[in-house]
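Worksheet: one structure, shown below.
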Amino acid sequence: MPEPAYANIARTALEQILATQLGAIESAATLVADAIAAGAVLQAFGTGHSRIVTLELAARAGGLAPVSMLAVKDLVMFGGADPGPILDPTYEREFGLAERIYALAAPATQDPFLIVSNSGINAAIVEMATLARERKHPIIAVTSVAHTRSAGARTTQGPHLADLADVVIDNLAPAGDAALEITPEVRIGAVSSFTGVLIAQLLTELVCRRLLERGIDPPVHTSANLAWGDARNAALQERYRDRVRPIEP
């Protein structure tokens, strides 16, 4: 049986990330390590499927404890909003969401933001990046530069996420994300989640190594499904209790 075509797409994407994006990931890691060493936490925000990348960073086994995941659903879970509107997949295009999400999170001034959006164009994303920039938070973007700069994007009016960040990590997804043509009208094989998770894990490793270079034990979660996991995590949960919100099971 021939190898599925997506296997080659995934292999190529991995190689290209390692060949072209390590410099940006290293810059982001230094920024995040400096912030954590100073007592800050990383604020990670995404909408739609980009939340996969923020979830890969927040509250997971082997992940950094000082990562707070921000999402549109926070308006319901922590702000008491009607859940009906957020079930609309186009809700991320609504103006004014970011300020409400930011206010609920109440980030410290020194907290860096990692904002994930494949397109980099929707209102919630651009407004969050603008708000973070205005309030002097360092900003890391994980986005598709190809989509952001594409003439075929749903909107080409800027600024886009990539224009507002201090560090831009390109997820190397094509415009539209789907990389595999099945028929002239059907494309499958999304790239952004695969490369986004890779970027998240590379960033986590490099942050931990930079903290160790400073003589700081990396604050990393242990799997709660190991017998000793809950006990090891309890101290971290208490340490960041007022800065990092729990995520749903």
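The values are calculated or read from the model by the stated rules, or taken from the named source; none is laboratory data. Owing to the predicted nature of the structure, the values given are computational and were not obtained by experimental measurement. Don't worry about glycine lacking a Cβ; one is built from the backbone with ideal geometry, like all the others, and counts go over all protein chains shown. SASA here: full protein model, heavy atoms, side chains in, ligands and nucleic acids out. Shrake-Rupley method; radii C 1.70, N 1.55, O 1.52, S 1.80 Å.
Observations on the structure shown:
- Counting only protein heavy atoms and a 1.4 Å probe, segment 5-239 has 46 square angstrom of accessible area per residue.
- Projecting the Cα atoms of Gly120, Gly152, Ser192 onto the charge dipole of segment 107-248, computed from C-beta unit charges around the Cα centre, puts Gly120 farthest toward the positive end.
- Nonpolar atom fraction for the chain, defined as the carbon and sulfur part of the 1.4 Å probe accessible area, stands at 55 percent.
- Using a cutoff of 8 angstrom between alpha carbon atoms and counting only pairs six or more residues apart, the relative contact order for the chain works out to 25 percent.
- Hydrodynamic radius by Kirkwood, which averages 1/r over all alpha carbon pairs of the chain, in angstrom: 18.7
- Accessible area (Å², 1.4 Å probe, nearest 10) - Glu26: 80
- Computed from point charges on the beta carbon alone (+1 for Lys and Arg, -1 for Asp and Glu), the dipole magnitude for the chain about its Cα centre is near 340 Debye.
- Choice from Ala224, Ala105, Ala179 showing the highest fluctuation, given a GNM over the chain with Cα pairs closer than 10 Å: Ala224
- Among the DSSP helices (H) of the chain, those spanning at least 24 angstrom by Cα along their long axis with an average Kyte-Doolittle hydropathy of 0.0 or more are 192-213; this is a geometric and hydropathy rule only.
- Accessible-area order (highest first, 1.4 angstrom probe) of the listed residues Thr156, Thr222: Thr156, Thr222
- Under conditions of 37 °C and 0.692 mPa s, segment 88-224 yields 198 µm² s⁻¹ as its translational diffusion coefficient, taking Rh as the Kirkwood radius over Cα pairs in the Stokes-Einstein equation.
- Mean ellipticity per residue at 222 nm, deg cm²/dmol - from DSSP H runs of n ≥ 4 across the chain, formula -39500 (n - 2.57): -12500 deg cm²/dmol
- Loop trypsin sites (Lys or Arg not before Pro), segment 184-241 (other Cβ atoms within 10 Å of the site Cβ: 12 or fewer; DSSP): Arg214, Arg241
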